[in-house]
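Chemist: Quick one: structure below, then a few questions.
The values are calculated or read from the model by the stated rules, or taken from the named source; none is laboratory data. No experiment lies behind these values; they were computed from the predicted model shown. Methodologically, a virtual Cβ is constructed for each residue, glycine included, from the backbone with ideal geometry; neighbour enumeration extends over all protein chains shown. The protein model used for the area step is the full one, side chains on, heavy atoms only, and it has no ligands, DNA or RNA in it. Shrake-Rupley method; radii C 1.70, N 1.55, O 1.52, S 1.80 Å.
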Amino acid sequence: MWAADQFLATEYDKSRMNQGLDRSRQATDRKVHLREVLARSIGVFEKEENHTPVLLEEMDCGTYIRKRVELSATPGLTFPAYVLVPKGFGKTKLPGVVAVHGHGYGSRQILGMHPDGSWDEGEPGIYHNFALEFVHRGMVVIAPDVVGFGERRLQSDLKEDPNAPSSCYTMAAQLLMVGKTLTGLRIQEALCTLDYFSGLEEVDPEHIGIMGFSGGGLIAFIASVLDERLHATVLAGFPNTFKESILAVHHCLCNYTPGILNHAELPELISLIAPRPLFLESGLDDPIFPKEGFIKAVEVIQAAYTSIGKPDLLATDLFPGAHEISGRLSYDWMYAKLTE
């Protein structure tokens, strides 16, 4: 057989066998092992220790104050993040949410802005301005710009195509050549964002959650697995299995982590967030994270929460829609979990 279809299917089956061998560990030891594997698989980046955050701008948006700051997670690279602080709460520390966008033009896309920073008065797109939903509920929000999108695209990509949608392919490919991943860089910046955010005077560091959509869901899930300061997690337009989604549908190169399938399928990895509260949502007609994979993932993750006596800490919503955020249940769920 000249085509490699069956060969690839066999390789997936072999990886599942390897996972089975890996399960000989005790449950607690396996969780520790998988966290270590995940951290190692995405690559290690040098940490920036000396950068001082810079306030870039501040604006009164009526019911909240919007600031933009510059942070740095690794030497030689800085990134901006928007901070939204609801007004009228005095000196009371508030719950906080890290809002992570996916493919698109950056954090402005989840804050009701056009790419140039002007207000977008039109109908919201697939992101539904979800960062604003949290600040309107009385939570502080930070929305970092994910590297590779919007203002953080590579100059080399823009020179070739001024309308390049992202720099994911170029960055992911080059980082793989040095034994690292674009996911690893994005996770390091997400955790740096959390470091800064948890130290803000307006934020209660014991009540911080994270929500990510699509590629932002990948970042949110791994950040939550690796850092228990994240008290509650919402994954939107991402929860699935590798087999039904990442391996079955054409995805961006930034979604692939070398060797991870030899250790666990995606639902088991997401389950490492337990016993902290977790919400999973997906559209019934999502073409790149299909409902069949979502349903299978939910079954595995629910079993994991049930096995530790915490079934009520997992909530899900398979809503009528495509590849988009719903929020019809998840926004209020996040507020409830962060104010308990």
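Chemist: I'm told residue 67 meets every condition in (1) in contact with a Leu (Cβ under 8 Å, 6 or more places away or on another chain); (2) touching a residue at least 60 places away in the same chain (Cβ under 8 Å) except one. Can you identify the failing condition by its number?
Modeler: Only one criterion in (1) in contact with a Leu (Cβ under 8 Å, 6 or more places away or on another chain); (2) touching a residue at least 60 places away in the same chain (Cβ under 8 Å) is unmet by residue 67, namely (2).
Chemist: Further question on the same structure: Counting only residues that are within 29 Å of residue 205 (Cα to Cα), small (Gly, Ala, Ser) and surrounded by fewer than 22 Cβ atoms within 10 Å (Cβ to Cβ), how many does segment 118-139 have?
Modeler: 1
Chemist: Since residue 340 meets every condition but one in (1) out of contact with any strand residue (DSSP E or B) (no Cβ under 8 Å at 6 or more places or on another chain); (2) in contact (Cβ under 8 Å) with a residue 24 or more places away in the chain, which condition does it not meet?
Modeler: Of (1) out of contact with any strand residue (DSSP E or B) (no Cβ under 8 Å at 6 or more places or on another chain); (2) in contact (Cβ under 8 Å) with a residue 24 or more places away in the chain, only one is false for residue 340: (2).
Chemist: Also, quick follow-up: Identify all residues within segment 173-190 that are surrounded by fewer than 18 Cβ atoms within 10 Å (Cβ to Cβ) and assigned to a helix (DSSP H, G or I); write none if there are none.
Modeler: Once the filter is applied, which keeps residues that are surrounded by fewer than 18 Cβ atoms within 10 Å (Cβ to Cβ) and assigned to a helix (DSSP H, G or I), segment 173-190 yields 173, 174, 176, 177.
Chemist: Inspect segment 102-115 for any residue being surrounded by fewer than 17 Cβ atoms within 10 Å (Cβ to Cβ) and either within 17 Å of the chain's Cα centre (by Cα) or closer than 27 Å to residue 321 by Cβ (or both) and give the result as yes or no.
Modeler: To start, the set of residues in segment 102-115 that are surrounded by fewer than 17 Cβ atoms within 10 Å (Cβ to Cβ) comprises 114-115.
Okay, now just the ones that are also either within 17 Å of the chain's Cα centre (by Cα) or closer than 27 Å to residue 321 by Cβ (or both), so 114-115.
The answer is yes, given that some residue of segment 102-115 is surrounded by fewer than 17 Cβ atoms within 10 Å (Cβ to Cβ) and either within 17 Å of the chain's Cα centre (by Cα) or closer than 27 Å to residue 321 by Cβ (or both).
Chemist: Are any residues in segment 327-340 within 11 Å of residue 280 (Cα to Cα) and open to solvent by 70 Å² or more (accessible area, probe 1.4 Å), and if so, which ones?
Modeler: 329
Chemist: Still on this structure, please answer the following. Quick check on my filter: what residues within segment 92-120 are closer than 14 Å to residue 140 by Cα and either without any contact (Cβ under 8 Å) to a residue 60 or more places away in the chain or aromatic (Phe, Trp, Tyr) (or both)?
Modeler: Those that are closer than 14 Å to residue 140 by Cα and either without any contact (Cβ under 8 Å) to a residue 60 or more places away in the chain or aromatic (Phe, Trp, Tyr) (or both): 92, 111.
Chemist: From the list 271, 307, 282, which one is hydroxyl-bearing (Ser, Thr, Tyr) and touching a Phe, Trp or Tyr at 6+ places or on another chain (Cβ under 7 Å)? Can you show your working first?
Modeler: Numbers: 271 fails: touching a Phe, Trp or Tyr at 6+ places or on another chain (Cβ under 7 Å); 307 fails: touching a Phe, Trp or Tyr at 6+ places or on another chain (Cβ under 7 Å).
Residue meeting the stated conditions: 282.
Chemist: In segment 142-197, how many residues are free of Cβ contacts under 8 Å to residues at least 40 places away in the same chain and not hydrophobic (A, V, I, L, M, F, W, C)?
Modeler: Here the count works out to 13.
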